Structure formats: structure tokens, C-alpha cells
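K.L.:
Please find one structure pasted underneath; my questions will follow.
Only the coordinates and a few stated rules stand behind these numbers; no lab work does. Being a predicted model, the structure only gives us computed values, none of them experimental. Here the Cβ positions follow ideal geometry from the backbone for every residue, glycine too, while neighbour counts run over all protein chains shown.
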Amino acid sequence: CQAANKTCPTDYIWNNHICRCLAQQDFIFSSNVGDDGFHNICGPNKELDEETCQCVCRGGLWPSSCGPHKELDRNSCQCVCKNKLFPNSCAANREFDENTCQCVCKRTCPRNQPLNPGKCACECTETPQKCFLKGKKFQHQTCRRPCTNRVKHCEQGLSFSEEVCRCVPSYWKRPHMN
């Protein structure tokens, strides 16, 4: 040890192995376990680095091992989120992801309104201008052009398609549509 002052307060004992004062009760507990009182002094998940006389996380876990958005909690030797966000601190339609420590978009959108991940919103691919150029009207509620020539009944084996506004073979229908 480089420390010259080896005097300890009452009920403490100087430990040359880790170069600091230890509570007598801790020293006695470690000895009862069958240890020499030095190697288990760091507690669970930690071990003594004999070169530096410091308690370090077992298994070589360092702050750099935690990855982005996480930091090493030196007390528990666990990687924890840096930003300390709570699930209710995420914006609408976003959820806190414990693995990435970020709010992520968890929204599912209808086929004709693909997800804009930046806004975490379903956005319509049709516009009033596109519909006008095709001679159709645009419906904001449904995000589509209504079929003006809606057929009430199609021949057997055919189904009416809102996408192309005509009867098409039934097997063309997508499984999630009626």
C-alpha cells in the first residue's frame, strides 16, 4: 500500500491487501465464511482487482461494455439506462424499450396509410391533387378515392375491389380483407 496513514477509527481494522480500513464486523464475517477476509470483501457481483486494489465488476464488465444509451451501475454491476426515462414519459404512440433505452414507435397502420417513423404517424399516400388528376374525389376519413361505379354484385368467383373499383377474381383478395 502506498498510503502511509494506517490508523483506523474505532471498530475498524487496516487491511494491507486493499489498502483501506474495514469494519471489524465485515472482516469477521468474511473470515467465518472460510475466506481470508480479503477476496470477498467487495460483495456480490464484484471482485478485488489486486493490481489497483479496487473492487471491480466480475467478468470484466466495464462502462464501455454497456453500449449506447446505457451506463454501468457500479453498485449493482448492471448496465442501466442513462436517460432514466419512464414508460409514461414517451410521446403518443411510442413505448419505452428497455433494451434500447429509447422511446420507440409501436404503431400499426392500415395498408393505405403507411407509417412515417419520424412522426410515428400513419400517413395517407393519396392526396386530393392525385385524386383530382384521376377525376375522383378524395375522402379524408378513409384516405382513399371512393369508387363512383360501385357494383352491388359481382359474378360468382369475383369480388369487388375498392382499390381498382371493379370486380376481380376472389383469390386476388388479401387474406385480412373481407
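K.L.:
So if each residue of separation counts as 0.36 nm, and I subtract the Cα-Cα distance between N16 and K84, what length gain in nm does that give?
P.N.:
20.6 nm
K.L.:
Please list, in chain and number order, the residues 5+ apart from Q78 or on another chain whose amide H is under 5 Å from its amide H, with Hs placed from the backbone.
P.N.:
D73
K.L.:
Same structure, new question: If I take R0 = 45 Å and measure r between the Cβ atoms of V168 and S76 in this structure, what FRET efficiency does the formula 1/(1 + (r/R0)^6) give, to the nearest 0.05?
P.N.:
Calculated transfer efficiency: 0.15.
K.L.:
When every alpha-carbon pair in region 63-105 is counted, what percent end up more than 17 Å apart? Before the final figure, lay out the partial values.
P.N.:
Working: 301 of 903 pairs.
Across region 63-105, Cα pairs with separations above 17 Å total 33 percent.
K.L.:
In nm, give the distance between the simple-model label positions of Q102 and C154, each being 7 Å from the Cα along the Cα-to-Cβ direction.
P.N.:
4.2
K.L.:
Around S159, which amide H atoms from residues at least 5 apart in sequence, or from another chain, sit under 5 Å from its own amide H, with H modelled in the peptide plane?
P.N.:
Under 5 Å from the amide H of S159: V168, S170.
K.L.:
For C143, enumerate residues with amide H under 5 Å from its amide H, sequence gap 5+ or separate chain, H modeled in the peptide plane.
P.N.:
none
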